[in-house]
Amino acid sequence: IKNWCPGALRPMQSGDGLVVRVRPRGSKLTPEQALGIAEASAKHGNGLIDLTARGNLQLRGVEADSHHALINELAALDLVDEDIAAECRRNIVVTPFRDDHYGVETAELAAELEQTLKAAPDLPGKFGFAVDTGSAPVLSETSADIRLERSETGTLILRADGAEWGRCVSRSDAPQAALDLAQWFVLSGGVHQGRGRMAEHIARGKQLPDADRWTVPPAAATYSPRPGAQGEGFLVAAEFGQLHAEVLGRLAAMGKEVRVTPWRMLFLAGVDSVADTTGLITNASSPWLNTSACTGAPGCLQGLAPTRDLARALAPYVPAGAHLHVSGCAKGCAHPAPATVTLCATRHGFDLIRDGRAADSPSRKGLKASQLKSAPQSVFEVS
């Protein structure tokens, strides 16, 4: 459903059962929590776990009769909020990298922000916060409405998404300042029929409070996530952003902290290498990194056609520097940004969109999956 996100306490019905979203606190899991999620996914769901673009995990195929037992198991792992309202407010993504002298502060800020947001007003379902306070920004391309970042000199700043500059905040005041900005967003008319995003609010000409204080530019962002050893750990991706429970269980068995990123990847702190395994991407040059595909039909009720078999067939032909997105409908959940080629399922086949999103106007319509598989190079040729 557009502009609505599932949770653990409020799951979403899909074609393969309930989708139960788990929001790790501080975007991290202990080995015990990771193993518990893997076991719960296999026990109460179909064993498939999605990595989301908001740094969460989604357990798929959960039966309605199993939901209560699943919640009890997740609660025992400290992965469930006291109620749905608290769950919706705790929409925070945190940089996974803590290998610099800002690492402790980042973890503390994330934890304090979570507590502070218990007093937040009702916010739109997709409204979120980013704690990107490492020595270099890595979440600039991640969806968030209110950001805690650093300036070029390392000063802690608060920035509204859509605003070019932020304002300095102290370490002790930062969480409350983020809450105050969220309250301003609501009181200044940022929410319309339960929807609203900060960047759109700013683009409509809404002036931030104390306008003369927003004068500090954030540090320049150049980060592009790729699997492999990085800093204090190892970054791994999953084919189409989906793990099997047994794979997560094997990662948990390494005994290290698992940090969930918004890039549909996991960062394994304290790990310097990971063996290749089915469905796990450890190579930065893998063609799967240039291909996105949602669940599609029949797993998603909105999906108008299967997507992933087609994406697997086309992935080896994606040109260097290009990106292929195969979407089951015009929502384009798997890759909201423009792609070099998007194939969007319709009731009459797949529409082909070049350099656009799933909802954009196509250059070709009604293409059959068999037709695309038989001539994969033609998908990327501009006529």
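If you scan region 161-183, which residues turn out to be assigned to a strand (DSSP E or B) and open to solvent by 10 Å² or more (accessible area, probe 1.4 Å)? If the condition is that a residue be assigned to a strand (DSSP E or B) and open to solvent by 10 Å² or more (accessible area, probe 1.4 Å), then Arg167, Cys168 are the ones that fit.
Among the residues of region 120-145, those that are crowded, with 22+ Cβ neighbours inside 10 Å and either charged (D, E, K, R) or not in a strand (DSSP E or B) (or both) comprise Leu123, Pro124, Phe127, Gly128, Asp132, Thr133, Gly134, Leu139, Ala144, Asp145. Restricting to region 184-201, name every residue that is over 20 Å from Val131 (Cα atoms) and surrounded by 15 or more Cβ atoms within 10 Å (Cβ to Cβ). Residues satisfying the conditions are Val186, Gly190, Val191, Arg195, Gly196, Glu200, His201. Note on region 88-105: among residues that are out of contact with any helix residue (DSSP H, G or I) (no Cβ under 9 Å at 6 or more places or on another chain) and surrounded by 19 or more Cβ atoms within 10 Å (Cβ to Cβ), the one that is modelled with the highest pLDDT is Tyr102. Residues of region 10-31 that are open to solvent by less than 50 Å² (accessible area, probe 1.4 Å), in contact (Cβ under 8 Å) with a residue 60 or more places away in the chain, of a type outside the set (Gly, Ala, Ser) and touching a strand residue (DSSP E or B) at 6+ places or on another chain (Cβ under 7 Å): Asp16, Pro24, Leu29.
When region 225-239 is filtered for residues that are open to solvent by 20 Å² or more (accessible area, probe 1.4 Å) and under 19 Å from Ala311 (Cβ atoms), only Glu239 remains. Picking from Ala75, Ala53, which residue would you name as being on the phi < 0 side of the Ramachandran plot and either assigned to a strand (DSSP E or B) or open to solvent by less than 50 Å² (accessible area, probe 1.4 Å) (or both)? From the options Ala75, Ala53, the qualifying one is Ala53.
One residue stands out among those in region 283-294 that are open to solvent by 20 Å² or more (accessible area, probe 1.4 Å) and not small (Gly, Ala, Ser): the one that is nearest to the chain's Cα centre (by Cα), which is Cys294. Filtering region 304-330 to residues that are of a type in the set (A, V, I, L, M, F, W, C) and over 15 Å from Val379 (Cα atoms) leaves Leu304, Ala305, Cys329, Ala330. Does Pro306 satisfy the condition of being under 24 Å from Met265 (Cα atoms), under 24 Å from the mean Cα position of the chain (by Cα) and open to solvent by 50 Å² or more (accessible area, probe 1.4 Å)? Judged against the criteria, Pro306 is a match.
Results for (1) open to solvent by less than 30 Å² (accessible area, probe 1.4 Å); (2) on the phi > 0 side of the Ramachandran plot; (3) touching a Gly at 6+ places or on another chain (Cβ under 8 Å), shown as yes or no for each residue.
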| site | (1), (2), (3) |
| --- | --- |
| Pro262 | yes, no, yes |
| Arg312 | no, no, no |
| Ala339 | yes, no, yes |
| Ile353 | yes, no, no |
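If we keep just the residues of region 202-216 that are in contact (Cβ under 8 Å) with a residue 12 or more places away in the chain and either outside any loop (DSSP other than H, G, I, E, B) or farther than 21 Å from Asp180 by Cβ (or both), which is most open to solvent (accessible area, probe 1.4 Å)? Give the steps one after another, and end with the answer.
Here is the first cut: in region 202-216, the ones in contact (Cβ under 8 Å) with a residue 12 or more places away in the chain are 202-203, 206, 208-210, 213-216.
Still in the running and either outside any loop (DSSP other than H, G, I, E, B) or farther than 21 Å from Asp180 by Cβ (or both): 202-203, 213, 216.
On the way: Ile202: 31, Ala203: 86, Arg213: 114, Val216: 28 Å².
Looking at the filtered set, the residue picked out is Arg213.
Applying the selection to region 317-345, what residues are over 17 Å from Thr295 (Cβ atoms), in contact (Cβ under 8 Å) with a residue 40 or more places away in the chain and not aliphatic (A, V, I, L, M)? Matches in region 317-345: Tyr317, Pro319, Thr340.
Being within 22 Å of the chain's Cα centre (by Cα), without any contact (Cβ under 8 Å) to a residue 24 or more places away in the chain and not in a loop (DSSP other than H, G, I, E, B) narrows it down to one residue among Leu117, Leu113, Leu158, Leu148; which is it? That would be Leu158, the only listed residue that is within 22 Å of the chain's Cα centre (by Cα), without any contact (Cβ under 8 Å) to a residue 24 or more places away in the chain and not in a loop (DSSP other than H, G, I, E, B). The set of residues in region 16-73 that are within 20 Å of Ala334 (Cβ to Cβ) and of a type in the set (Lys, Arg) comprises Arg21, Arg23, Arg54, Arg60. If you check Leu268, Leu280, Leu310 for being touching a Leu at 6+ places or on another chain (Cβ under 8 Å) and in contact (Cβ under 8 Å) with a residue 60 or more places away in the chain, only one passes: Leu310. Looking at region 32-46, which of its residues are touching a residue at least 40 places away in the same chain (Cβ under 8 Å) and open to solvent by less than 10 Å² (accessible area, probe 1.4 Å)? Scanning region 32-46 gives Ala34, Ile37, Ala38, Ser41.
The values are calculated or read from the model by the stated rules, or taken from the named source; none is laboratory data. From a predicted model like this one, the values you see are computed outputs, not experimental measurements. Reconstructed Cβ throughout: ideal geometry from the backbone, glycine too, with neighbour counts over all protein chains shown. Only protein heavy atoms, including side chains, enter the accessible area calculation; ligands, DNA and RNA are left aside. Shrake-Rupley method; radii C 1.70, N 1.55, O 1.52, S 1.80 Å.
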